[in-house]
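What follows is a short report on a single structure.
The values are calculated or read from the model by the stated rules, or taken from the named source; none is laboratory data. Being a predicted model, the structure only gives us computed values, none of them experimental. Cβ: placed from backbone, ideal geometry, glycine included. Neighbour counts: every protein chain shown.
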Amino acid sequence: MAGITEDIETSIRNALIQAILNNPKATIADLLALTRGEHASMLREITLGQLADSGWSGVGKTKGKKVKGQKPAGKPGKVNTRTQAGRAAYDKAILDALQELDGGPVSGAQIKAKVGGTSLQARAALNRLIEAGSVTFEGKARGTKYSLK
């Protein structure tokens, strides 16, 4: 019987974590209000580590203001393109991402979401790959789509 109870508690905890993740605009006050409800004790035991393990990035929109210590969002995170080796690695990551995305055509935002980095880094890398003849593009501005050659 204890195994069933543990399974139920784990399912409820996972559902609570998923509910938090599905509501990124919830405030701490909203979460505190939930700590008085039916599943209060279980909600109080959820840690930031459990949220992180479940896919929470901890980074939200702040109405254009940078929060001290906040890192920019990006799937794998920070990318170093200051060195030739760093640029080569990032270019390869973009080619790999295009391959995973069926060779294109895809937007720069889709590629950036897959490989991380800033929009400027992604555009510079795509321009290098276009000049090298590895990637083609069609369209202008936000409508630009990239494909493998």
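May I ask you to verify whether Gly116 is in contact with a helix residue (DSSP H, G or I) (Cβ under 9 Å, 6 or more places away or on another chain) and modelled with pLDDT under 55?
no
What pairs come out if I take residues in region 100-115 that are without any contact (Cβ under 8 Å) to a residue 40 or more places away in the chain and pair them with residues that are in a loop (DSSP other than H, G, I, E, B) and among the aliphatic types (A, V, I, L, M) whose C-beta lies under 8 Å away, six or more apart or interchain?
Note: pairs meeting the criteria are Gln110/Leu101; Ile111/Leu101; Lys114/Leu101.
Check Thr81 against each of (1) surrounded by 12 or more Cβ atoms within 10 Å (Cβ to Cβ); (2) at pLDDT 85 or above; (3) touching a Lys or Arg at 6+ places or on another chain (Cβ under 7 Å) and name the one condition it does not meet.
So Thr81 meets the others, but not (2).
Yes or no: region 32-49 includes at least one residue that is more than 25 Å from Lys149 (Cα to Cα), modelled with pLDDT under 85, within 14 Å of the chain's Cα centre (by Cα) and hydrophobic (A, V, I, L, M, F, W, C).
For region 32-49, residues more than 25 Å from Lys149 (Cα to Cα), modelled with pLDDT under 85, within 14 Å of the chain's Cα centre (by Cα) and hydrophobic (A, V, I, L, M, F, W, C): absent.
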